[in-house]
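These notes are about the structure you will find just below.
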Amino acid sequence: MPHVLSRSRYTEDNLDLAVKQGVEQYVILGAGMDTFAFRRPDLLRQVQVFEVDHPATQTFKRNRLAELGWEIPSHLHFVPVDFTKESLADALKGTLYDVQTKSFFSWLGVTMYLTRDEVFATLRSIAEIAPEGSAVIFDYFVPEEDTPHMKEMREDLRKIGEPMKTTFDPSTLAFELESLGLRLHENLSPSDIQERYFQSRTDGYYASKHVRFAWAVVE
Ligand SMILES: C[S@@+](CC[C@H](N)C(=O)[O-])C[C@H]1O[C@@H](n2cnc3c(N)ncnc32)[C@H](O)[C@@H]1O
């Protein structure tokens, strides 16, 4: 799905800049099968990477990496967390994650599967355990009319056991994040994403009409 490519590109372009400005920890929330730590040895020399994911997904991934014989880089750390049951802050405090070090978090393809309270609890945790100037990038669904396409997507997700639970109103997001200790720095609309990543492509890829990218900074 082109959306998956564009959200990773947006995140990693900004991570690149953040590392140049002194970020030394990259925390990938809901990492899934993300291969950042294997694809970017150049950046991995400069940052500690923490893959935070549901224990079931993380066990699957670690087993698969072992089957493939992929060596785990020394800068990559695995942190099993269920966002519906545990606090991100508590889970990270028990690892090599350093609360004093400026950090960059990504949370891609996850907020829609959690309740609003669960999303806010994790964002609040980030503001608690990351120093000022740290950042989080996440994607989110916007409230939509139930178009046939939306209905089909909801139904497909429900069938695979991952029902869509949460959308955010882009016009009130800044206000909501502020109450958690985060400042909304960028809030890309589908047309911003289309213009930035897809407009000159000839392969038929285009931005999702339902998803936005948010970049928030710890105050
Ligand atoms: C659609 S995948 C996204 C993977 C990756 N971030 C990407 O951009 O391709 C959703 C991820 O969210 C994680 N996830 C869903 N619910 C979770 C929960 N309650 N606690 C922790 N992780 C969760 C899943 O384990 C999975 O890795």
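If you build a Gaussian network model of the chain, linking Cα atoms that sit under 10 Å apart, which residue out of Arg158, Arg196, Arg183 swings the most? Of the options given, Arg158 has the highest mean-square fluctuation.
Loop-located trypsin sites (Lys or Arg not before Pro) in the stretch 37-78 (DSSP state other than H, G, I, E, B) with a sparse environment of at most 16 neighbouring Cβ atoms within 10 Å: Arg45. Gaussian network model of the chain, Cα springs within a sub-10 Å range: biggest mean-square fluctuation belongs to which of Ala37, Ala89, Ala66? Looking only at Ala37, Ala89, Ala66, the largest GNM fluctuation is found for Ala66.
Taking the chain as the region of interest, the number of lysine pairs whose Cα atoms are within less than 29 Å, with members eight or more places apart or on different chains, is 19. Considered as an equivalent ellipsoid built on the Cα gyration tensor, the chain has semi-axes of 26, 21, 19 Å, the largest given first.
If R0 is 35 Å, the Cβ-Cβ spacing of Glu178 and Leu5 corresponds to a FRET efficiency of close to 0.70. Whole-Hz Karplus values for the stretch 193-206 come out as 5, 4, 5, 6, 10, 10, 4, 9, 7, 10, 9, x, 6, 8 Hz, taken residue by residue from phi with 6.51 cos²θ - 1.76 cosθ + 1.60 and θ = phi - 60°; glycine and proline positions read x. When +1 charges are put on Lys and Arg Cβ atoms and -1 charges on Asp and Glu Cβ atoms, the dipole computed for the stretch 27-73 relative to its Cα centre reaches about 40 debye. Under the simplified labelling scheme, the Lys20-Lys151 pair shows an inter-label distance of 4.8 nm, with each label point 7 Å from Cα along Cα→Cβ.
A Gaussian network model of the chain, with springs between Cα atoms under 10 Å, assigns the largest mean-square fluctuation among His54, His149, His75 to His149. Taking a ≥ b ≥ c as the square roots of the Cα gyration tensor eigenvalues, the stretch 51-110 comes out oblate, since a/c reaches at least 1.5 and a/b does not exceed b/c. A cut-off of 5 Å between modelled amide H atoms, ignoring neighbours fewer than 5 places along the same chain, links Asp34 with no other residue. Using just its DSSP H runs of length 4 or more, each adding -39500 (n - 2.57), the chain gives a mean residue ellipticity at 222 nm of -11000 deg cm²/dmol after division by all residues.
Only the coordinates and a few stated rules stand behind these numbers; no lab work does. Note that the coordinates shown come from a computational prediction; the quantities given were computed from them, not determined experimentally. Virtual Cβ from ideal backbone geometry, glycine too; neighbours counted across all protein chains shown.
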